[in-house]
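Structure, as structure tokens:
The values are calculated or read from the model by the stated rules, or taken from the named source; none is laboratory data. Given the structure is predicted, the values throughout are model-derived calculations rather than measurements. FYI the Cβ positions are ideal-geometry reconstructions off the backbone, even for glycines, and counts take in every protein chain you see. The area values use the complete protein model at the heavy-atom level, side chains included, leaving out ligands, DNA and RNA. Shrake-Rupley method; radii C 1.70, N 1.55, O 1.52, S 1.80 Å.
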Amino acid sequence: MTTSEVYAAGSLHPILSVVVVVGVTLLLLLPAVKALVRAVRRRRLAAREAASFDPGAPLREGEIVLQGVVELAEGESVAVRVEVDQDGEEAESSGSWSHTWTEVDRRVIVAPFYLCLDGGARVRVEPPPDVDVADDLDGKVLVRRDRRVLSAELVPGERIHARGQLTRVAGAVRAASGYRGQGEGWCLRPTRKGMLLSSHPLAEGLRERAALHLRHGMILLLAVACFHFAAQAFYIGLFGQLATSEILDLNHQIETDDDGTKHLYEAKVRLPDGRAGTERISADDYRALHVGDTVTIRMSFFGWQLGPEPALHFAVAIAGLLGSAGLLGSLRRRRVQSRPWYRRKLKSHEQGRLVDPE
């Protein structure tokens, strides 16, 4: 009597099953590890940022974070100002109106200004055109019904943090009488990574990003665990012991519902421990098998599986692949949307219709 190799209905080929399991695992696990590494790095950066900032420490050349009060340079009317143009578009759904504001242009107006430190020192700041300004977008002007301008500006007297490259240059700081001194003074310029001017503590943003990456990493690890739990039949076929079982009965059922008629085929087998087990099989296997034939199975502490090799169910494979892609896309969108406004394209959704400017 020959032993047949029969797999449960809907099972993928063993090689394809291995490819899907490994692929989904790597697809989720690598971004999870990357997110956790990012979380650790940003926590360390936040701790280093907080520990390295000492308002009473003497100034030194090199990359540094300074805190002080903004003072305009002589003859200038602005220090740093960012203006964001947004176009509005409204939509109606089931009688409910909403509108979306989308960024279409951005302007950064910069001029040299001075940072007055608590110790009395005055540092000339020369921001680049691509300076990052971590300030609130509290300015809003409605130009027309579907166009508005948001703005953020560092104003005189505002206390800010500034990260950049501190150097000694000639005539960098003006004297109290208003003319530019001829001696050397301190000047803050951008590093290779640019310059950041913030009205909020710098470590605060790093801690928020660390918490976000930690959440995403844990969500991805949970998704990996859920997928492998759903694929437990695959691991029964991978680690279970080979055995043979006799077919006790073959059953053909016909079910009719709104979607039409379905033909279901089942095989009942006698397991090595004496129990009977039932599994769905394909129509071709149903026609090829007979009561009394023997089939190869895999037995483990967690259950049993038809077939000698690990096989993943088609539905589990599709759910794993599509679910992983959807989850990664959703987390990426959330990560991008949670970036500071100065590092992403501004887009916001609001309820109601667009209104005319007063």
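Overview of values
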item	result
Among the candidates 233, 225, 162, residue that is modelled with pLDDT of 90 or more, in a helix (DSSP H, G or I) and among the hydrophobic types (A, V, I, L, M, F, W, C)	225
Matching option when the condition is at pLDDT below 90 and either farther than 30 Å from residue 60 by Cβ or not in a loop (DSSP other than H, G, I, E, B) (or both), among 149, 141, 169	169
Pair list, Cβ < 7 Å and 6+ apart or interchain, from segment 293-322 residues that are within 16 Å of residue 238 (Cα to Cα) to residues that are open to solvent by 10 Å² or more (accessible area, probe 1.4 Å) and acidic (Asp, Glu)	296/5; 306/279; 307/5; 308/5
Candidate set from segment 182-216 (those that are open to solvent by 20 Å² or more (accessible area, probe 1.4 Å) and assigned to a loop (DSSP other than H, G, I, E, B)); member that is modelled with the highest pLDDT	190
Considering residues of segment 129-147 that are in contact with a Phe, Trp or Tyr (Cβ under 8 Å, 6 or more places away or on another chain) and of a type in the set (A, V, I, L, M, F, W, C) only, the residue surrounded by the fewest Cβ atoms within 10 Å (Cβ to Cβ)	137
Test for residue 98: is it out of contact with any strand residue (DSSP E or B) (no Cβ under 7 Å at 6 or more places or on another chain) and within 21 Å of residue 352 (Cβ to Cβ)	no
Residues satisfying the stated conditions in segment 6-24, i.e. on the phi < 0 side of the Ramachandran plot and either in a loop (DSSP other than H, G, I, E, B) or open to solvent by less than 30 Å² (accessible area, probe 1.4 Å) (or both)	6, 7, 8, 9, 12, 13, 14, 17, 20, 21, 24
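Okay, residues lined up against (1) part of a strand (DSSP E or B); (2) in contact with a Phe, Trp or Tyr (Cβ under 9 Å, 6 or more places away or on another chain); (3) open to solvent by 50 Å² or more (accessible area, probe 1.4 Å):
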{"site": "83", "(1), (2), (3)": "yes, no, no"}
{"site": "86", "(1), (2), (3)": "yes, yes, no"}
{"site": "91", "(1), (2), (3)": "yes, yes, yes"}
{"site": "97", "(1), (2), (3)": "yes, no, yes"}
{"site": "100", "(1), (2), (3)": "yes, no, no"}
{"site": "105", "(1), (2), (3)": "yes, no, yes"}
{"site": "109", "(1), (2), (3)": "yes, no, yes"}
{"site": "116", "(1), (2), (3)": "yes, no, no"}
{"site": "120", "(1), (2), (3)": "no, no, yes"}
